[in-house]
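Take a look at the structure below.
The values are calculated or read from the model by the stated rules, or taken from the named source; none is laboratory data. Since the model is a prediction, treat every value here as computed from it, not as a measurement. Cβ atoms come from the backbone with ideal geometry, glycine included; neighbour counts cover every protein chain shown. When the accessible area is computed, the model is the full protein with side chains, heavy atoms only, and any ligands, DNA or RNA have been set aside. Shrake-Rupley method; radii C 1.70, N 1.55, O 1.52, S 1.80 Å.
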Amino acid sequence: MRTIHQPSLSPRLAKLFAADYWIVLDDVQFARRDYQHRARLGALDAPGRRQWRSVPTRLPQGRPPLIRDALIVDPGRARRKTVGTLRQY
């Protein structure tokens, strides 16, 4: 099975594992109010406790940029915060 998916911070894992080919589009418009750079996380032991995790981005060419043109503001810090949040949840 082939699956094509627009990039998101937290992809659908069931869809990912079921696919023989995983194709991620990088020539689609970056939507700041979508899930391309953020995800809502919840703890398994406390589903009511939820938190948004966003990766700060900079759009060098203004709007409407392609997702491949969006830049992570501070990649090292974003990586540390994302890993720490995933460990917590």
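Heavy-atom accessible area with a 1.4 Å probe sorts Trp22, Trp52, largest first, into Trp52, Trp22. Take Arg32: with every protein chain present and a 1.4 Å probe, its accessible area is about 90 Å². Largest accessible area first, the residues Val73, Val55 order themselves as Val73, Val55 under a 1.4 Å probe with ligands, DNA and RNA left out. The local environment of Arg79, defined by Cβ-Cβ distances under 14 Å, has a net charge of +4 under the rule Lys, Arg +1 and Asp, Glu -1. Ranking Gly48, His37, Thr82 by how far each Cα lies toward the positive end of the dipole of the stretch 14-89 (charges on Cβ) leaves Gly48 at the top.
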